[in-house]
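Just below is one structure, and these are the notes that go with it.
The values are calculated or read from the model by the stated rules, or taken from the named source; none is laboratory data. As the structure is a computational prediction, the values presented were derived from the model and not from experiment. As a convention, Cβ positions derive from the backbone with ideal geometry for all residues, glycine included, and neighbour counts pool all protein chains shown. Just the protein is used for accessible areas: all its heavy atoms, side chains included, with ligands, DNA and RNA removed. Shrake-Rupley method; radii C 1.70, N 1.55, O 1.52, S 1.80 Å.
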Amino acid sequence: LAERLQGAGHRLADRRIVTDDLYRVRAEVAAWIADDAVEAVLINGGTGLTGRDITPEAIRPLFDREIVGFGELFRQRSYEEIGPATIQSRALAGIANATLVFAMPGSTGACRTAWDAILAHQLDARGGPCNFVALLPRIRELGG
């Protein structure tokens, strides 16, 4: 994921491995969304169904708005690759303090799917008439 985003010309501001602790995950993401220099946070891991998978519960309370379509589209694209097992994914996204936050499963394949099928296009100003890059200034202008 880091290689792909840097290869697309984005700057990686920080990279952390955080234990499966709801409050530690929430605190890390909260610090990033409080930083005006960070426009997007990409989280991989913790979106499954086991007791350790707490990413959705950790970050959802931070959202001002949820981007429901990200999880829906991720599962659709993932289904094409892994079949019905994709139902176990709780990939999600939202906007928090005018910062885009995306959470996807931690496997290499899932990160590749999320980046190649969705994020690479939505985080590229050259892509299509409607993408998150074009939307961010309006989100910031309206205060989140």
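Here are the numbers for this structure:
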| read-out | value |
| --- | --- |
| Cα-derived Rg to Rh of the chain, Kirkwood definition | 0.93 |
| Distance (nanometres) between label positions extended 7 Å along Cα→Cβ at ALA125 and VAL18 | 2.9 nm |
| Heavy-atom surface of the chain, accessible at 1.4 Å and reported per residue (Å²) | 58 Å² |
| Distance from region 1-38 to region 61-108 (C-alpha centre basis), Å | 16 Å |
| Estimated vicinal HN-Hα couplings, Hz - region 54-61 in sequence order (Karplus 6.51, -1.76, 1.60; Gly, Pro = x) | 10, 4, x, 5, 6, 9, 4, x |
| Length-normalised contact order of the chain in % [C-alpha pairs under 8 Å, at least 6 apart] | 24 percent |
| Distance (nanometres) between label positions extended 7 Å along Cα→Cβ at ALA8 and GLU66 | 2.3 nm |
| Distant-in-sequence amide H partners of ILE43 (H built 1.01 Å from N, under 5 Å) | PHE102, ALA103, MET104 |
| Whole-Hz ³J(HN,Hα) from phi, Karplus 6.51 cos²θ - 1.76 cosθ + 1.60, for region 16-27, glycine and proline x | 9, 9, 10, 5, 6, 10, 3, 6, 5, 4, 4, 5 |
| Whole-percent carbon and sulfur share, accessible surface of the chain, 1.4 Å | 51 percent |
| Whole-Hz ³J(HN,Hα) from phi, Karplus 6.51 cos²θ - 1.76 cosθ + 1.60, for region 82-96, glycine and proline x | 10, x, x, 4, 5, 4, 7, 7, 10, 3, 7, 8, x, 10, 9 |
